[in-house]
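To start, the structure under review is shown below, and the notes come after it.
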Amino acid sequence: MPGPAEEARAGLAGSQGQRIVWRNVVLMSLLHLGAVYSLALIPDAQPLTLLWAYICFLLTVLSVTAGAHRLWSHRSYKAKLPLRIFLAVTNSMAFQNDIFEWSRDHRVHHKYSETDADPHNAGRGFFFSHVGWLFVRKHRDVIEKGRKLDVTDLLADPVVRFQRKYYKVSVVLMCFVVPTLVPWYTWGESLWNSYFLASILRYAVSLNVTWLVNSAAHMYGNRPYDRNISPRQNPLVTLGAIGEGFHNYHHTFPFDYSASEFGLNFNPTTWFIDFMCWLGLATDRKQVTKPMIEARKARTGDGSA
């Protein structure tokens with residue numbers, strides 16, 4: 001069996017001799033070194049600063065799970081303008097590419113999962129699917145297949161267009177400036193602690209939580225809905241990614257707004273969407289019927305549920 005170093009080299013090299021993007025390698029290395037350093041600052045930070053960092057983390061992950069993923073990528077529910085603006089603003093805090101690019105690449109991931117056209121192809125190993133895919137130029141199949149997808153719905157949304165146009169400015173403000181200034185200005189935390197805890201540590205943790213959906217949830221767990229595909233049910237990923245670890249279900253029924261057959265159980269993203277519906281800010285939630293789920297389990301499941 002190849003060790004982590006061999007797997008990393010294989011993942012980075014990949015097929016077609018993809019070129020390494022050294023800028024991303026350096027920036028991600030510095031980010032994670034900064035996150036490790038941030039851990040030493042926790043004992044000296046004010047409790048409110050730690051709470052703020054966690055709130056920013058939740059907003060960050062929610063903007064991806066409820067926004068870029070379930071709303072814009074899969075159109076599993078509809079959101080009114082105020083909710084779309086909120087999700088777009090917090091999506092800039094996530095700093096994982098703008099909504100248009102994230103959603104387009106995610107649609108390619110579903111349509112061509114575990115092939116060279118999959119941006120984070122899990123067939124190339126844990127390291128590649130977790131972070132290595134960001135260290136190399138996109139495989140030509142990802143680009144070619146992505147160009148053929150229908151993304152007119154994304155471009156028709158003025159919120160998506162506005163965020164894409166001003167993405168760099170919004171990222172600087174939402175990912176780094178606002179999280180840093182709130183603790184410093186509001187309750188007198190040091191700028192140093194505010195920056196490293198609410199910006200750097202929070203950003204690094206949220207990235208890895210999202211990446212685990214691409215890596216761990218494609219490799220570890222059971223497949224009660226479709227044993228013929230790679231995505232798995234992974235409870236640990238579900239916990240960290242606030243409901244996104246029911247991945248075998250999600251790839252079997254990608255249009256379900258809950259991304260799970262268990263409704264509100266262990267699914268804070270579903271809680272949020274349901275609450276938005278109660279407020280009248282979201283509508284038209286799509287769901288799979290129980291008979292459809294049971295029929296699919298019987299036909300293609302691995303018998304684990």
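Summary of computed values
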| read-out | value |
| --- | --- |
| For the range 207-293: Kirkwood Rh in Å [reciprocal of mean 1/r, alpha carbons] | 13.2 Å |
| Cα-centre dipole for the range 4-300 with unit charges at Cβ (Lys and Arg positive, Asp and Glu negative), debye to 20 | 780 debye |
| Residue 81 paired with residue 262, simple spin-label distance in nm, labels 7 Å along Cα-to-beta-carbon | 3.9 nm |
| Whether the range 126-195 is rounded, prolate or oblate, judged on the alpha carbon gyration tensor where a/c under 1.5 counts as rounded | oblate |
| Entries in 80/286; 138/286; 138/168 that, when Cα-Cα distance is taken, lie over 25 Å | 138/286 |
| Rel. contact order, % - alpha carbon contacts under 8 angstrom, at least six apart, the range 73-188 | 32 percent |
| Ordering of 291-301, 97-107 by burial proxy (mean other Cβ atoms within 10 Å per residue, highest first) | 97-107, 291-301 |
| Alpha-carbon radius of gyration plus Dmax, which is the widest Cα pair, for the range 65-192 in Å | 16.7, 51 |
| Fewest-first ranking of 108, 64, 172, using other Cβ atoms within 10 Å as the exposure measure | 172, 108, 64 |
| Positive-end residue of 293, 32, 100, charge dipole of the chain with Cβ unit charges | 100 |
| Compactness of the range 83-147 as Cα Rg over 2.2 N^0.38 Å, two decimals | 1.19 |
| Protection-proxy order for peptides 109-116, 243-250, each taking the mean of Cβ atoms within 10 Å per residue, highest first | 243-250, 109-116 |
| Burial order of peptide ranges 40-46, 229-235, 76-82 (average beta-carbon count within 10 Å, highest first) | 229-235, 76-82, 40-46 |
| Mean separation of Cα contacts under 8 Å, 6 or more apart, over the residue count of the range 4-300: relative contact order % | 23 percent |
| Sorted by Cβ density within 10 Å, fewest first, the residues 28, 276 | 28, 276 |
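Coordinate-derived values only; no laboratory data. None of the values given here were measured: they were computed from a predicted structure. Don't worry about glycine lacking a Cβ; one is built from the backbone with ideal geometry, like all the others, and counts go over all protein chains shown.
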